[in-house]
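Here is the structure we will look at, set down as structure tokens.
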Ligand code: ZN
């Protein structure tokens with residue numbers, strides 16, 4: 001079986017320190033968490049910027065600072081979020097891609113809309129086309145975030161129109177309110193819904209994170225873990241760090257006889273080099 005890519009979604013846009021005091025907020029904390037996850041076996045880190053008070057940030061210079069600080073520490077693949085879920089009303093949607101110019105190797109790309117918590121995560125077909133153009137312009141590979149099956153259809157349509165290149169790197173995110181429920185049957189259905197020769201990874205929200213991660217390891221996909229999706233290590237026990245969650249998946253994978261991908265391995269698997 002191919003080596004396992006572990007992606008660490010270390011902060012997210014919603015999780016707060018009220019939920020887990022170990023959540024990284026500042027650029028130094030995010031860079032240190034990325035480094036710790038890299039040491040624990042992660043080959044990708046998924047980044048949302050926060051202001052020092054924890055509020056979601058779209059300031060490009062803050063993303064630049066985070067990218068720079070991570071790159072001085074290790075060679076982990078950086079995937080920046082382009083989510084507009086927390087975009088302030090006075091900012092245009094251009095703010096969602098303003099930091100692609102800092103050349104992350106990956107960035108999230110959500111081809112379609114979904115109810116997400118008490119918000120609506122809006123990605124119109126027109127917006128997706130414009131976002132795809134920015135990915136091409138800056139030569140960033142999209143990490144195609146799938147919250148429900150309809151988004152796969154939209155991604156395939158974008159590829160047919162040559163707006164995004166294949167093969168895809170899909171990130172199935174199961175268990176978001178309004179999205180596909182986090183069950184193994186649904187995971188199998190998503191896998192069956194994408195054309196072969198595409199790479200896929202899976203994440204799940206809350207207590208479904210670990211079960212979906214473990215099934216994914218056995219099914220040959222890749223995994224995403226981290227505080228963006230879940231802050232617990234086990235029932236009623238908060239995780240000490242993102243790295244603790246990464247370390248557990250790396251151990252399980254090795255126990256199951258599946259090696260863990262280094263960033264260089266992951267770059268080859270994802271056709272980044
Ligand atoms: Zn995210």
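Taking other C-beta atoms within 10 Å as the exposure proxy, 11, 26 rank 26, 11 from fewest upward.
Packing-wise, with mean Cβ within 10 Å as the measure, how do 245-251, 223-229 rank, highest first?
Working: 245-251: 21.6, 223-229: 26.9.
Ranked by mean Cβ neighbours within 10 Å, highest first: 223-229, 245-251.
Please report the projected area of the stretch 46-107's Cα convex hull averaged over all directions, in nm². Write out the running numbers ahead of the final one.
On the way: hull surface 16.8 nm².
Here the figure is 4.2 nm², rounded to one decimal.
Please state the relative contact order of the chain as a whole percent: Cα pairs under 8 Å, 6+ residues apart?
On the way: 536 pairs, mean separation 66.5, N = 273.
RCO, the chain: 24 percent.
Where does the chain land on Rg(C-alpha)/(2.2 N^0.38 Å)? Don't skip to the answer; put the middle values down first.
Working: Rg = 16.8 Å, N = 273, 2.2 N^0.38 = 18.5 Å.
Here the Cα radius of gyration is 0.91 times the empirical estimate.
Relative contact order, whole percent, for the stretch 7-159 stands at 19, derived from Cα pairs under 8 Å and 6 or more residues apart.
DSSP assigns beta bridges within the stretch 143-273; of those with both partners inside it, close to 15 percent run antiparallel.
Counting only DSSP beta bridges with both residues in the stretch 1-157, the antiparallel share comes to about 25 percent.
Run the helix sum for the chain: -39,500 (n - 2.57) per DSSP H stretch of 4+ residues, divided by residue count, reported at 222 nm to the nearest 500 deg cm²/dmol.
Details: 8 runs with 94 residues, N = 273.
Estimated from H runs of four or more residues: -10500 deg cm²/dmol.
Shape analysis of the stretch 7-147 based on the Cα gyration tensor places the equivalent ellipsoid semi-axes at 23, 18, 14 Å, largest first. Taking the DSSP beta bridges with both ends in the chain, the antiparallel portion is around 15 percent.
A short reminder: the numbers here are calculations on the coordinates, not readings from a lab. As the structure is a prediction and not an experimental result, all values here were calculated from the model. As a convention, Cβ positions derive from the backbone with ideal geometry for all residues, glycine included, and neighbour counts pool all protein chains shown.
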